[in-house]
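Since the structure comes first, as structure tokens, the remarks are kept for the end.
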Amino acid sequence: MFRWRERIEPDGTLYGVDWVVTDRWGGSSQGEFAELNLGAHVGDDPAAVETNRHRLAHGFDVALRDLRFMDQQHGCGVTRVGGEQVEPGESPPPPPSSDGLITDDPDVVLVVLVADCTPVMLVDRTEGLAAVVHAGRPGMTSGVAQATVERLQALGADDLQAVVGPSICGRCYEVPAEMRDRAAAVSPVSATLSWTGTPAIDVAAGVVDQLTAAGVPVQWLPGCSRESEDLYSYRRDGQTGRYAAAVRLLAAEAVA
Ligand SMILES: [Zn+2]
């Protein structure tokens, strides 16, 4: 279920964080969506997706209604969520059309869904802020990671750290030469070659470079979605599921 997980407990006035990357195992979905598909708009059985999302929520010790998803657009919109006081039996607010989510609410879990795109999680343990970012090629070139960092900084963040989850690697992301050149104009480090020596883009390298340039230390998790049978890959499989990166703040002690 979890390919990667780190839990840092609160320490004095510092918030803690619980952040994860899921894999495709340990869920109820069948066929090309097997097993832990968390995407609701990919053609999978809605009941199976809901069961899988329940498992993710349970892993964070929250209710299904406490998960916050995005209606991901491949853009650079950023939305602040949390603090909604959703009661048992009520539905959470509909997912905003956005590619970045921010919260200061330890009672919600932010979720970004991917199948090759680059998932990013951010936290500021001093200010008590968390974020997720959906950064595919269009998001990288339009600067969604920087837009999210700037929004966090406007809320007071100056102690950010990031985890960049696994995505399709540069060797596996062959593109037309002009598409690589457009990406390279934004992020030179993203220009690369495929396994067969043709033009390719390393989107994650571009995102990591953008975060680093913004002064955010990055932990970049290994793995390629297209090469790993443990992850969903749109390039490899076409119709398929979505894995997730998800983050929850852990409340700090109240300051006396
Ligand atoms: Zn690869």
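Neighbour counting of Cβ atoms within 10 Å sorts the residues THR22, THR240, fewest neighbours leading, into THR240, THR22.
Can you give the Rg to Rh ratio for the chain, taking only C-alpha atoms and Rh from Kirkwood?
Radius of gyration over Kirkwood radius for the chain works out to 0.96.
For the stretch 112-126, putting each phi into the Karplus relation 6.51 cos²θ - 1.76 cosθ + 1.60 with θ = phi - 60° gives couplings of 10, 10, 9, 8, 2, 5, 8, x, 10, 10, 10, 8, 10, 6, 6 Hz, in residue order, rounded to whole numbers and with x for Gly and Pro. Partnerless cysteines in the chain, where a partner means another cysteine C-beta under 4.7 angstrom, comprise CYS76, CYS117, CYS172. Working note: Cα gyration tensor of the stretch 34-94, eigenvalues times five, square-rooted, sorted largest first, giving semi-axes of 19, 18, 10 Å.
Viscosity 0.890 mPa s, temperature 25 °C: what is the translational diffusion coefficient of the stretch 1-78 from Stokes-Einstein with a Kirkwood Rh over Cα pairs, rounded to a whole number of µm²/s? Please list the in-between numbers first.
Working: Rh = 14.1 Å.
After rounding, the answer is 174 µm²/s.
Backbone amide hydrogens, once placed in the peptide plane, bring TRP4 within less than 5 Å of VAL21, excluding anything fewer than 5 places away on its chain.
If you take all other residues with their beta carbon under 13 Å from the beta carbon of ILE102, and give Lys and Arg +1 and Asp and Glu -1, the sum is -3.
Rule-based calculations on the coordinates, nothing more; no lab input. Here the structure is a predicted model, which means the values were calculated and not measured. As a convention, Cβ positions derive from the backbone with ideal geometry for all residues, glycine included, and neighbour counts pool all protein chains shown.
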